[in-house]
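Only one structure is covered here, and it is reproduced in the block below.
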Amino acid sequence: MVALESAPPRSSSMETRREGWLPPKSFSSSAMAFEPKCDAASASETERVARSMRVLVAGAGALGCEILRTLALYGVKEIAVIDMDVIEESNLNRQSLFSTENIGQSKALTAAAALRERFRDCDVVGYHAAIQDMPLDFFRSFQVIVSGLDSVEARRWLNSCIFHIARPVGLESARNASYAPVLIDGGTEGLAGQARTIRPYETACIECTVDLYANEGTQYPLCTVVGTPREPEHCIEYAASALWPSQHNGSLGPLDPYNAEHIEWVYGRARQRAEQFGIDGVTVSLVKHVLQHSVPAVATTNAFIGAACALEVVKLANGISHPDATWLAFNGTSGICIQSLHIDRRRSCPICGPESRITIHMSGKAPLRELVELLRTHPELRCRNPSLVWAYRPIYMSAPRPLEEVTRQNLDKPLNQILIGNQNAENSAEFILTLTDSGLRLSREMHLILH
């Protein structure tokens, strides 16, 4: 993994609106591969600009299908779509590019074929793969990347990937980069949704607001899950929470809800338990829903947010996307409420903030395991696979597996013993550690103070 360098220094002309936050910079064309116009273009000029753009849509689910269809209607001619999932019957009520004959086929490849059939002059390419499997040069080839992803982890990964592109190698300023793709992030949850535009080092990024995302999914009563399961969800939770840790004994690491092999393993064990208790309804789709804490999608909400994301692409192409109003929020739960929000950049953001070092206070007698768990639940970090290095020495490495096995023995050791060499030390001590996360392309300096 390529370690992230520190973000470029803040311009002296940039004023803070409140402590710890940065206002957005004005949009400029220096970091773009296409030239935006200063005012709204004519209809013919809009079509010309749209035809010249290359747009990537990440995710071909309910929201991704709406984004793809609307982009094609707007006249965007070069579109790519990437998704690792296959079509299931439960998708058909809200994913408009698929039909029953497509069940079991790749979402990305099928969506691309459907668009090519309906829009003969539209060049659409599908990629049946996870975004994490693609090289940086793949993302660098697009001017705009529209996210229709269904998980916070995938959003964070894509966000950091774009900042890898925006941040040149070496000590040069990010403004010297030839260009950086713009990320448009869409998301829906029932009758609510949002669409936001992210310009590297100009607007707030995903990490700036990661604390706004929900951290936990539905909690099931432990006694019911273990003793008297009544629902298919109880069987899935039992397989994931009880069987996975006990049968693997940590050899495969933590359960990854987005790993196809892990999902299949949980599905098989949940089916066995469901048959034992006479419970129907355990499917791969439900396993993903429980493990990934996903929520039901509403087709009309996806249509609205998909259109909003596509409109942002057109606005970017014509230079009329306003830097102070980059976040559209929709709430149809109680009436219909549509707001345009402004979010400042966070100074301590690990991806784009100029003051990204984080300080953590802990007892020196606490085991390293507590620190690792804290990094997973910290509201500003929410690490997925945290690794810690001190003085060029790995303290704990979550990946690759050989290093995890070697450093796992440190998890139960007191921090004083690991860092000071004396587990009974009473005096306060300060240490600078390097925190990385292979699952999120995260790398930042951490100031650990032991008491």
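For the reader, a short list of remarks on this structure follows.
- Radius 13 Å from Cβ of GLY104, net charge of other residues (Lys, Arg +1; Asp, Glu -1): -3
- For the pair GLU89 and SER334, the difference between a 0.36 nm per residue extended length and the Cα-Cα distance amounts to 85.2 nm.
- Contact order normalised by residue count of segment 222-292, Cα under 8 Å, 6+ apart, percent: 41
- Backbone phi angles across segment 69-83, fed through the Karplus curve with coefficients 6.51, -1.76 and 1.60 (θ = phi - 60°), yield HN-Hα couplings of 4, 6, 4, 5, 5, 6, x, 5, 9, 10, 10, 10, 9, 10, 6 Hz in residue order; Gly and Pro are listed as x.
- Taking amide H as placed 1.01 Å from N in the peptide plane, CYS205 has its amide H under 5 Å from the amide H of ARG346, each at least 5 places away in sequence or on another chain.
- Karplus 3J(HN,Hα) series, Hz, for segment 372-379 with 6.51 cos²θ - 1.76 cosθ + 1.60 (x for Gly, Pro): 4, 5, 4, 5, 6, 10, 4, x
- 3J(HN,Hα) along segment 397-403: 10, 7, 7, x, 4, x, 6 Hz, from the Karplus curve 6.51 cos²θ - 1.76 cosθ + 1.60 with θ = phi - 60°, whole Hz, x for Gly and Pro.
- Taking amide H as placed 1.01 Å from N in the peptide plane, ILE395 has its amide H under 5 Å from the amide H of LEU388, VAL389, TRP390, each at least 5 places away in sequence or on another chain.
- Radius of gyration and maximum dimension Dmax of segment 289-437, Cα, Å: 22.2, 64
- Annotation: amide H of CYS352 has no partner in the under-5 Å range at sequence separation 5 or more or interchain, hydrogens built in the peptide plane.
- Proportion of all alpha-carbon pairs of segment 358-450 beyond 15 Å (%): 57
Throughout, read-outs are computed from the coordinates displayed, never taken from laboratory work. Keep in mind the model is a prediction, meaning the values are calculated, not measured. Cβ sites come from the backbone with ideal geometry, for glycine too, and all protein chains shown count toward neighbours.
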